[in-house]
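So the structure is just underneath, and the comments pick up after that.
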């Protein structure tokens, strides 16, 4: 805890000691470690900030003690270390961590500093209205500008928390802007159609439901393969996965956690990626971008930003088991007959999402005095 306090103060002092004519960007939010979707995004956007402007990173802490220290110290840093022309980008902690973040927002309001609030979770929408989110928006008032991952996310959040002025000043910046591999990897797939799922495996990600789908599908056809990848902390769920693979050894494989080349090989083998997530926080899953980039068709649940990301609305999962199995059965047949055509269409779809997101990115980053490089000149 003491090391974390010293870290924050040293970074604030170093920023104050430097003499730059250009405004500084203060990046405030969860940063690795621990690594998760939000901290991964924060690390990525911070690298972009650092490439264009003086940037100071103020993490909000990983442990409970660190979060308390940040909640107390960050307002002090804002009150005494930030310049009037500096830019402030915030990525509030999730769940109850928002309460510890509110003094930081109050300090920004007291200094009358415009600040960005970037949202990465659908929790305040799915479980709203939430008192902490209401307070956050009221504290920020006219000095607060919100960033959302999709238009649907913006509209849902605005209906619960934002004034008309706040909504009109908000931005949309999809994950497709940063998390897109423009090289593409349309794989030459052979053999039976392969169904796959990759995540930090939990029941909230719908893996138990996916096993039910594959079990029922296996009763009507056997000309497919099923591959599951990702770490499992739930011992009971892991046992269910192991038992499933033992019952269906000829069609199913569990790879465990995969990274690097192993992760690439997983996507190269998968024709149909299934994401039946029921996670209340689910917003704009990176696995959808990854799977499409490798030319995999996707079936996914209608939660968060997912409906806006799907290549075909007909590929949305309903959680009616009979209906979803019929859908999967049909898609396997279609993929088997048009493997290359469908794979190429998926790659083009994710490329289109990225190109559309560049327009959103130019609008957002202009507010911070930054520019989006031409992809022909440099890569992000």
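A short reminder: the numbers here are calculations on the coordinates, not readings from a lab. Given the structure is predicted, the values throughout are model-derived calculations rather than measurements. Heads up, the Cβs are rebuilt from the backbone with ideal geometry, glycines too, and the neighbour counts pull from every protein chain shown.
A few notes on this one:
- Ratio of Rg to Rh for the range 305-380: 1.16 [Cα atoms; Kirkwood radius as inverse mean 1/r over pairs].
- Largest-first ellipsoid semi-axes for the chain, taking √(5λ) over the Cα gyration tensor eigenvalues, angstrom: 41, 22, 19
- The range 15-108 - percent relative contact order, Cα under 8 Å, separation 6 or more: 36
- The range 125-166: C-alpha gyration tensor shape, a/c 1.5 cut-off, then a/b vs b/c: oblate
- Rg to Rh quotient for the range 2-172, alpha carbon positions, Kirkwood Rh: 0.94
- Gyration tensor over the Cα atoms of the range 166-241: the corresponding equivalent ellipsoid has semi-axes (square roots of 5 times the eigenvalues, largest first) of 31, 21, 13 Å.
- Axis of helix 260-269 versus longest Cα principal axis of the chain: the two differ by about 40°, to the nearest ten degrees.
- Choice from 275, 255, 316 showing the highest fluctuation, given a GNM over the chain with Cα pairs closer than 10 Å: 255
- Normalised by the number of residues in the chain, the mean separation of alpha-carbon contacts (under 8 Å, six or more apart) gives a relative contact order of 14 percent.
- Highest-MSF residue in the chain out of 251, 28, 298 [GNM, Cα springs under 10 Å]: 251
- Cα long-axis angle, helix 207-218 against the chain (0 to 90 degrees, to the nearest 10): 20
- Once the Cα-Cα distance is subtracted from the 0.36 nm per residue extended length, the residue 280 to residue 200 segment shows a gain of 27.3 nm.
- A simple spin-label model places the labels of residue 315 and residue 79 5.2 nm from each other, with each point 7 Å out along Cα-to-Cβ.
- For the residues 130, 236, 262, a GNM of the chain with alpha-carbon springs under 10 Å puts the largest fluctuation on 236.
- Overall Cα dimensions of the range 249-322, principal axis frame, Å, largest first: 29, 27, 23
- Calculated log₁₀ intensity ratio I(q)/I(0) where the Debye formula runs over C-alpha points of the range 45-108, q = 0.13, 0.14, 0.28 Å⁻¹: -0.37, -0.43, -1.28
- Global geometry of the range 125-263, whether rounded, prolate or oblate, following the gyration tensor of its Cα atoms and the 1.5 cut on a/c: prolate
- For residue 238 and residue 169, the FRET efficiency from 1/(1 + (r/R0)^6), where r spans their Cβ atoms and R0 equals 45 Å, is about 0.45.
- When shorter helices are ignored and each DSSP H run of at least 4 residues is given -39500 (n - 2.57), the per-residue value for the chain at 222 nm works out to -15000 deg cm²/dmol.
- Taking the fewest neighbouring Cβ atoms within 10 Å as the starting point, the ordered list for 31, 9 is 9, 31.
- Calculated from the alpha-carbon coordinates, the range 75-181 shows an Rg and a Dmax of 13.7, 42 Å respectively.
- With Rh defined as the Kirkwood radius, the inverse of the mean 1/r over Cα pairs, the Rg/Rh of the range 193-351 is 0.92.
- Quarter of Cα convex hull surface for the range 284-331, i.e. mean projection, nm²: 3.2
- Inter-part distance where the range 48-62 and the range 299-373 are each reduced to a Cα centre, Å: 31
- Residue order, fewest to most surrounding Cβ atoms within 10 angstrom, among 252, 359: 359, 252
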